[in-house]
Amino acid sequence: MIDILLMILTGIGVALFGFVLQTSIAGVNRKVVARVQKRYGPKWYQEFLDIFKLLSKRSVTHGWIFDFGVIMALGGIIGTAMFMPLTSSFMAFDGYDNFFIFVYLIAVGMLGMAMSASGSGNPLASIGVMRALTTMLAYEVPFMIVVLTIIKITGTSSLSEIGLFQQVAGNSWFFIALPIGGIVAVMALMGMLGKKPFETYIAPAEIASGPMVEYGGKQLGMLFIMHEITVFIEVSLFVHLFLGGAENIVLFIVKYFVVYTALNIISSVYGRFKIDQVVLFFYKWPLIMAITQAFIAIYLGWVI
Amino acid sequence: MKEMKLFLGPQHPGMHGNASVHIYVDGDIIKKSFLLPGMLHRGFEKGMERHSWVNNISLIPRVCVVEPDTNEMAFAMAVEMLAKLEVPERAHWIRMIILELARLSIHLMAYGGLGSPTGLYTMMYHAHTDRNTILNIFEKITGHRVYHQYIVPGGVRKDLPVGIEKDIHSFLDDLESRYEEYRDLGINNPTIQARINDTIPLPAEVVWELGVTGIGMRSAVNKPYDLRKVKPYARYDQVEFDVPVAPYSDAYARVDCKLQEVVQSIGIIRQCLAKMPEGDVRVPISRGQAMRWTVPKGHVYACVESSRGEFGYFMVSDGGTNPYRVGVRGASYPQGLLGIEKYLPGTRLDDAALWVDTMGVCSPEIDR
Amino acid sequence: MLSTKFSPMSKEEVDRKWWEIGDFFRRNSLWMLMYCTGCCAIELPPAMTSAYDMERLGMGPMATPRQADVLLVTGYLSLKTLRRLIYTYEQMSEPKYIVGFGSCTINGGIYHDSHAVINQLNKYIPVDVFVAGCMPNTEAVMNGFVDLMDLIKNKKANGWKDYHERYEWYLANQKAALGEVRVHDEFHE
Amino acid sequence: MTNSMSNTEFVTNLVESKFKVLSTEVLDKYQVSFEVKKEDVHSLLSLLKTSGWIQLSYLSAVDWPNDNEFELVYIVFNWDKAVHIQIRCRLDRETASMNSILPIFPGCKYYEREAHEFFGIKFPGNPDHEKQLILEEWDDIPPLRKDFDPRAYSDRKFSKMEYKNDFVNKNGEVSKQDARTKRYDDIDKLRTGGKK
């Protein structure tokens, strides 16, 4: 009994750590992007100020679905983050860091947000939700194929064991071992994080920040926390799957920072696709590349 | 799926200025669209009737916020036509420098504004930074950043300050050196090209139906229909420049023409600085009695080429101290009102903001 | 048995403390809603971009009224805009602040005798900071924002409370100028 | 275009040979104005459109309350010949109505709507011309008519800023403004011989 309590506490600690880490790194990244844009940029802890400011505001409600959806989104995402291994040996629930757990649990949070946004009754929000789901359909397929290839090669779907597999001498990181798949994964990760050019479902100039259009105050603050933890989960997945996991926590933070910053810099010089272009894009090159990679890796056995 | 009504504006990050586009969408496709103007209506035409000719100088730049200098130029030209004023030679060249700097600034702003609907905010920041440099040059010349009140009937208010040529030259060199970078960041960027290639085309045959002028027309009809060439004012007949044209007017062609005009404007400013003679810059009008200055009777229409097309002032004088009637032909009137009503349906929701940006819909001059 | 060493704060004091903490966050992260009601909006891009970079102060543009904290009324307001501005203001989540730009929001400015432009903005909605000038320089704009932060720190930016307390007065003014506050957006088609 | 004949002469000949023009004015080498009868406007515009003046640049009205008339102005432009042509006609002010030129220049739709809104001129043939475009819930006479006073309207509807006289002059001196006002009053008094 006490074991389970301890595990849950550790899990919440992991989620909290993820939130703090991602929020700080996002703040630093705002400075980095500001430099690309010839500016100084905000303080590094600006994201914390934003989130706590939002939580300190009063807010209106648009019915109980609207409120409940936000709580469901945040709870679902915290629940997902609890399973995330930080290093290849440290995790809250030992043995439950299966890749498919994340795929299923992250959907709870997303669905909560979609439900809540549709509950607001704003047409822009429903367009945004529709676009978000379409984008999800687009990037999931190539990403899944690449990840299934990895699972086939390693013979396990546990994140920490995939990480450990890459750390064994003789095996290189999957980002290098499966170079085509690695590129596909980067593109899919940009789609997951909603970075440009796949930012279609936020699109302030078209649908006024899409799903978030009706949120303000506390609900928006909770959504921001949810967003930060989602980013933490997705980037961590990439680190564990493709960048050889992490032997210790410092290495994890370094890899995490490099991945997130690189994506942000790439994103800052791109425009935004239309939604049909997003779908076409993902179903064209990344899908072909992912299938090619799977074929090469599994049937021909060419793994660097 | 049923039709939904969306409001692009008045408070919307994709709209430039305070206007509202009402859109009925089916999925992402626009079925019907209207512009709702009038949110910037200030009663200018009435206000000008209530002020004297000289007082109006401070009122007119406020008609179009982003490009005040063409207003001043058109107003000054109309008054000069009515009062038969001869403008000193040097004033013509100074006016051209101011107008072309203003054209540079608004093209940079529009090019940066393209970053907003397409999501490329980096371009927006870069372009606005350069625009800010132009505003600083304006502040040195005229004392104001945005509303200069510098081109007045009978010339310009004051001569150029000493040493401003150096500032202008260094800015032009800087801009020219980074011109390719601008192109690479913006319209040569694959993601931007995916958005603007073949987006919201404007066929050549509908141009006349709408009455669109400026870049929107030139990029469709493929002829150099620019008022600076067709009926040259100031000293545009004595400088050499090309008018960029294109055979097929989509968003890409229009932005491309804008960027080419930037190069031409840089050339014009350089020629002006080289060819500018010395001399007076202003004809004194009725010294000491400016408020009681009267202008002979008549109906005139004066127009200049703004960045969005033909910008004109229709002016009636009854021989009094005030204008009897001033009518403003906003350059973006056709593409703003009729263009949005007729040529947005059938395009996608994502493209509505692109039309507003690339055709240059300036809401203050529609509403006045 | 109650401890004598620890004297709990009264509820008012606790509320005040929380409010002060909230004020710290609120003034360091002002999200603005740009409602470009008039000319002064043209000086905002220089304030946002490299020349002045208002993101250093934690300010940034926001897409919708619900997300924003501070409403920038940039310039003159025609009646048509005022209707929509009141809508926008009432949509924002509290605490909310308003910065009025330019002389037009103070006393009508150059349009004081126009038939379409209202003269005094703070008769219709509560304004916390005015930035004078026609148009205000970018320095003045930035100064206005810093002033707003100081007001929040000194608990003087109470326009939104005032709007609650004197709602009848504001509503009467709005009705006197507008006739009807409701927007009929269907008339155009 | 022949070299012997300038563009403005070409236009003047073209129009004056076919229509009864009340007055012609050549403003400069790029602009001509004709004043014609109300009935001739449509056929004149059609003629000009077929001769190359395909762009409607401006359409508006001028109010002449002393003559009890409105003056409608159409400005068309030819990009190849570079001449702006003003065509003006007068309408009766009480029953101001003019057939729409929508079949000739479709671009006139919103200009006519605006002219109706600001002057109250009716344009039969333009489907939406009676709807409000720029103003919203307007409750007075059309604002660009000469007998409309925006100052009075503004004073009536919008409250003005009241400035309190809450300052004190240094050492109790009379303010310069007051002194100036008094001096002007004295001068006026002297002018009228000291009488009131």
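Bear in mind that the values in this text are calculations on the coordinates, not laboratory data. Predicted, not measured: the structure shown is a model, and the values here were computed from it. Every residue, glycine as well, gets a Cβ built from its backbone with ideal geometry; the counts of neighbours run over all protein chains shown.
Helix C:11-28 against the longest principal axis of chain C: what's the angle in degrees, Cα atoms only, rounded to the nearest 10?
So the inclination is approximately 50 degrees.
Taking beta carbons within 10 Å but only from partner chains, what does the mean come to for residues C:99-108?
The mean count of partner-chain Cβ atoms within 10 Å per residue comes to 1.
Residues with beta-carbon under 12 Å from that of residue B:86, excluding residue B:86: net charge, scoring Lys, Arg +1 and Asp, Glu -1?
Once all neighbours under 12 Å are counted, the net charge is -1.
Tell me, what HN-Hα J-couplings in whole Hz come from the Karplus equation 6.51 cos²θ - 1.76 cosθ + 1.60 at θ = phi - 60° for each residue of the stretch B:39-45, using x for Gly and Pro?
Ordered by residue, 3J(HN,Hα) equals 7, 10, 6, 10, x, 4, 5 Hz.
Go ahead and collect, in residue order, the members of the stretch D:74-92 whose backbone nitrogen is under 15 Å from a label point 7 Å along the Cα-Cβ direction of residue B:204.
Within reach of a label on residue B:204: D:80.
So, with +1 on the Cβ of K and R and -1 on the Cβ of D and E, and no other charges, what is the size of the charge dipole of chain B about its Cα centre, to the nearest 20 debye?
Using only the charged Cβ atoms, the result is roughly 1200 debye.
For chain A, treating each Cα as an identical point scatterer without solvent, what Debye log10 I(q)/I(0) comes out at q = 0.07, 0.09, 0.10, 0.15 1/Å?
-0.26, -0.44, -0.55, -1.28
From the phi of every residue in the stretch B:48-62, what ³J(HN,Hα) in whole Hz does the Karplus formula 6.51 cos²θ - 1.76 cosθ + 1.60 yield, where θ is phi - 60° and glycine or proline is x?
Coupling constants for the stretch B:48-62: 5, 5, 9, 10, 6, 4, 7, 4, 5, 4, 7, 8, 5, x, 7 Hz.
Dividing the alpha-carbon radius of gyration of the stretch C:1-116 by 2.2 N^0.38 Å (N being the number of residues), what value is obtained?
On the way: Rg = 19.6 Å, N = 116, 2.2 N^0.38 = 13.4 Å.
Relative to the rule-of-thumb radius for its length, the stretch C:1-116 sits at 1.46.
Where nothing but the Cβ of Lys and Arg (+1) and of Asp and Glu (-1) is charged, how large is the charge dipole of the stretch B:1-117 around its Cα centre, in debye to the nearest 20? Each step should come with its number before you reach the end.
On the way: 12 positive and 12 negative charges, 77 e Å.
I would put it at about 360 debye.
I need the peptides D:80-93, C:34-47, B:124-137 ranked by packing, meaning the mean over residues of other C-beta atoms within 10 angstrom, with the highest value on top.
Ranking the peptides D:80-93, C:34-47, B:124-137 by packing returns C:34-47, B:124-137, D:80-93.
Positive end of the dipole of the stretch A:1-134, charges at C-beta (+1 Lys, Arg; -1 Asp, Glu), about the Cα centre: which of A:105, A:80, A:123 has its Cα farthest in that direction?
Of the options given, the answer is A:123.
How many partner chain Cβ atoms sit within 10 Å of a residue's Cβ in peptide D:134-146, on average, as a whole number?
Partner-chain Cβ atoms within 10 Å, mean over residues of D:134-146: 6.
Among A:215, A:233, A:265, pick out the residue whose Cα is farthest towards the positive end of the charge dipole of the stretch A:199-298, where Lys and Arg carry +1 and Asp and Glu carry -1 on C-beta, about the Cα centre.
The Cα lying farthest towards the positive end belongs to A:265.
Between the stretch B:206-223 and the stretch A:153-216, how far is it from one alpha carbon centroid to the other, in angstrom?
46 Å
Could you tell me which of rounded, prolate or oblate describes the stretch C:24-179, using a ≥ b ≥ c as the square roots of the eigenvalues of the alpha-carbon gyration tensor, with rounded for a/c under 1.5 and, failing that, prolate when a/b is larger than b/c and oblate otherwise? Display every interim value, and only then the final one.
Details: a/c = 1.78, a/b = 1.24, b/c = 1.44.
Judged from the Cα gyration tensor, the stretch C:24-179 comes out oblate (a/c at least 1.5, b/c at or above a/b).
Can you sort A:230, A:10 so the residue with the fewest Cβ neighbours within 10 Å comes first?
The most exposed by this proxy come first: A:10, A:230.
If Lys and Arg each add +1 and Asp and Glu each add -1, what is the summed charge of the other residues whose beta carbon sits under 12 Å from the beta carbon of residue B:362?
-2
Counting only residues 5 or more places away or on other chains, whose amide H sits under 5 Å from the amide H of residue B:21 once H atoms are built in the peptide plane?
Long-range HN contacts for residue B:21: B:8, B:9, B:36.
Relative to the longest principal axis of chain B, what angle (0 to 90°, nearest 10) does the C-alpha long axis of helix B:89-113 take?
That helix lies at roughly 20 degrees to the long axis.
Can you work out ³J(HN,Hα) from phi for every residue in the stretch B:342-359, in order, using Karplus 6.51 cos²θ - 1.76 cosθ + 1.60 and θ = phi - 60°, giving whole Hz and x for Gly and Pro?
Here the 3J(HN,Hα) series is 9, 10, 7, x, x, 8, 9, 4, 5, 8, 4, 5, 5, 4, 4, 7, 6, 7 Hz.
Say the dipole of the stretch D:122-196 comes from +1 at the beta carbon of Lys and Arg and -1 at that of Asp and Glu; which of D:142, D:125, D:179 then lies farthest toward its positive end?
D:179
As I understand it, the value is the acute angle between the Cα axis of helix A:46-55 and the longest principal axis of the Cα atoms of chain A; what does it come to in degrees, rounded to 10?
50 degrees
Looking at the square roots a ≥ b ≥ c of the eigenvalues of the Cα gyration tensor of chain D, which shape do they give, rounded for a/c under 1.5, prolate if a/b is larger than b/c, or oblate?
prolate
Convex hull over the alpha-carbon atoms of chain B: what's its volume per residue in Å³?
Working: hull volume 46.3 nm³, N = 368.
Convex hull volume per residue, Cα atoms: 126 Å³.
Which ordering of B:255, C:127, A:146 is given by a fewest-first count of other beta-carbon atoms within 10 Å?
C:127, B:255, A:146
Would you calculate, for chain C, the mean residue ellipticity at 222 nm contributed by helices, counting each DSSP H stretch of 4 or more residues as -39,500 (n - 2.57) and dividing by all residues, to the nearest 500?
Calculated mean residue ellipticity at 222 nm is -12500 deg cm²/dmol.
Mind listing the long-range amide H neighbours of residue C:97? Cut-off is under 5 Å, sequence gap 5 or more, other chains count too, H placed in the peptide plane at 1.01 Å from N.
Residues meeting the criterion, in which the H sits 1.01 Å from N, are C:70, C:71.
In debye, nearest 20, what is the charge dipole magnitude of the protein assembly as shown about its Cα centre with +1 on Lys and Arg Cβ and -1 on Asp and Glu Cβ, if you could check?
The calculated dipole for the protein assembly as shown is roughly 1720 debye.
Taking the Cβ of each residue in B:321, D:12 as the centre, tally the other Cβ atoms inside 10 Å and list the residues starting with the fewest.
Lowest count first: B:321, D:12.
Using the alpha-carbon centroid of each, what span in Å lies between the stretch B:89-137 and the stretch D:34-48?
Cα centroid to Cα centroid, the span is 42 Å.
Compute the FRET efficiency between residue C:146 and residue D:187 as 1/(1 + (r/R0)^6), taking r as their Cβ-Cβ distance and R0 = 41 Å, and round to the nearest 0.05. Display every interim value, and only then the final one.
Numbers: r = 49 Å, r/R0 = 1.20.
So the FRET efficiency works out to roughly 0.25.
Quote the Stokes-Einstein diffusion coefficient, in whole µm² s⁻¹, for the protein assembly as shown, based on the Kirkwood radius over alpha carbon pairs, a temperature of 10 °C and a viscosity of 1.306 mPa s.
Answer, rounded: 50 µm²/s.
Can you give the calculated 222 nm mean residue ellipticity of chain B, where each DSSP H run of n ≥ 4 adds -39,500 (n - 2.57) and the sum is split over every residue, rounded to the nearest 500 deg cm²/dmol?
It lands at -13000 deg cm²/dmol.
For the stretch A:238-257 and the stretch C:49-72, what is the separation of their C-alpha centers, rounded to whole Å?
Distance between centres, Cα-based: 34 Å.
How far is it, in nm, from the label point at residue C:175 to the one at residue D:28 when both lie 7 Å from their Cα along the line to the Cβ?
Between residue C:175 and residue D:28, the label points sit 5.6 nm apart.
Considering every residue in C:31-42, what mean count of other chain Cβ atoms within 10 Å of its Cβ is obtained? If you can, show how the numbers build up before the last one.
On the way: counts 5, 0, 2, 2, 6, 13, 6, 8, 12, 2, 5, 10.
For this peptide, the per-residue mean of nearby foreign Cβ atoms is 6.
Under 29 Å Cα-Cα from residue A:31, which lysines qualify once same-chain neighbours fewer than 8 residues away are excluded?
Partners within reach: A:43, A:53, A:57, A:195, A:196, A:218, A:255, A:274, C:96, C:153.
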